[in-house]
1. Can you name the residue in segment 201-219 that is under 23 Å from residue 133 (Cβ atoms), in contact with a Ser or Thr (Cβ under 8 Å, 6 or more places away or on another chain) and open to solvent by 10 Å² or more (accessible area, probe 1.4 Å) and is also modelled with the highest pLDDT among such residues?
2. Considering only segment 106-122, state which residues are of a type outside the set (A, V, I, L, M) and either buried (at least 24 other Cβ atoms within 10 Å of the Cβ) or within 20 Å of the chain's Cα centre (by Cα) (or both).
3. With at pLDDT 75 or above and surrounded by 14 or more Cβ atoms within 10 Å (Cβ to Cβ) as the only criterion, which of 128, 136, 140 stands out?
4. Give the number of residues within segment 45-64 that are open to solvent by 60 Å² or more (accessible area, probe 1.4 Å) and aliphatic (A, V, I, L, M).
5. Only residues that are among the basic types (Lys, Arg), touching a residue at least 60 places away in the same chain (Cβ under 8 Å) and farther than 28 Å from residue 176 by Cα: list them for segment 224-270, please.
6. Examine segment 255-262 for a residue that is more than 16 Å from residue 65 (Cα to Cα), in a strand (DSSP E or B), touching a Phe, Trp or Tyr at 6+ places or on another chain (Cβ under 9 Å) and open to solvent by less than 20 Å² (accessible area, probe 1.4 Å), and state whether such a residue exists.
7. If we only count helices (runs of 4 or more DSSP H) wholly inside segment 16-99, which ones have 2 or more residues that are at pLDDT below 85?
8. Just one of the numbered conditions (1) over 27 Å from residue 115 (Cβ atoms); (2) open to solvent by 10 Å² or more (accessible area, probe 1.4 Å); (3) in a strand (DSSP E or B) is not true of residue 244; which one?
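The values are calculated or read from the model by the stated rules, or taken from the named source; none is laboratory data. These numbers come from a predicted model, not from an experiment. With ideal geometry, Cβ positions are generated from the backbone for all residues, glycine too; neighbour counts draw on all protein chains shown. Remember, those area values only see protein heavy atoms, side chains included, never the ligands or the DNA or RNA. Shrake-Rupley method; radii C 1.70, N 1.55, O 1.52, S 1.80 Å.
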Amino acid sequence: MVMRDSSGKAHNTHTYGSRIGYRIFHLLISMTGPIPAYLLLAFILPYYLLIRTSARKSVYFYLRHRFPDQGRVRRLLTATYYLYQFGKVLIDQAAMGILDRDCFHVEFPGRENLYNLAQKRRGMVLLTTHAGNWQTAMATMDHIGTRVNLLFNTANDEGRHFFDLAGQRDKFHFIPPSGFLGGMVEATNALKAGEVVAIMGDRAWGAKTMEMEFFGEKAAFPITPYYLVAVTGADLVVSLTVRTGRMSFTIGADHISSDRDWTQIPREEAVKTLLQRYVTCLEEYLEKNPYMWFNFFDFWAVNKKGIA
């Protein structure tokens, strides 16, 4: 998968597993449930760590920043555990799409507040992250009382997402970030109509970015979500999901824009302040859940020459 940063340079993100591999796991889940799939994952994990070195390197980008004092052996052990957690999240994500959703235990303490916020019809930017079972968390949004739009690129992974496995793609409206003006016009219109627009806070897909200190080094975060809030006055809610066990997870929802009218503040100041709040939320989340963020590319490449 190729991704472009804010300067237009292309670099690779990593997609783990082939279509055949995914189908084998999906068949196993449909026949026996997720536990045998966890066992199969443990057998194939050494391939990604010891043979497919690009996979190991891709997880080291984050682990070096999150655990800067680890030596080579300790980091390899950490990478093993980290990739296994990622694999279990993917299995749970597939299982929730293939099996009955009621098989899962979902805690969503902020569900009622989120619903009430959506009913005010001010528009809502739901800021998601490649953290935990974020896709399956979207399954809980089908009862929010308004249309949910996803500014989300699914073109490269058709058939692998929860939305496809659960047959729920038609319950959401997808706005491709590759569309006109990066989907900004369509997203703005949706917010002005009082709808929800879910956007990734940790993946730019070529959109404008702003640098923020993140685990000791500057990283480039997309500013689209905060710009939309500053323009439309929509609410901004950060949603971070944690896998708490087999077929169970907790969804967090933090309303971080409730203290002022952001349309009345200079735009750059509004964007910077809201972005800093998101970065703070993400760092606090990763302090508690260090193995739940799955962004497998050099998020800190803005300060490194020669990275494409």
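1. By that ranking, first place goes to 204.
2. 107, 108, 109, 110, 111
3. None of the other options fit; the residue is 128.
4. Residues that pass the stated criteria total 2.
5. Once the filter is applied, which keeps residues that are among the basic types (Lys, Arg), touching a residue at least 60 places away in the same chain (Cβ under 8 Å) and farther than 28 Å from residue 176 by Cα, segment 224-270 yields only 246.
6. No: zero hits.
7. Ranges flagged: 19-32, 53-66, 72-98.
8. Only one criterion in (1) over 27 Å from residue 115 (Cβ atoms); (2) open to solvent by 10 Å² or more (accessible area, probe 1.4 Å); (3) in a strand (DSSP E or B) is unmet by residue 244, namely (1).
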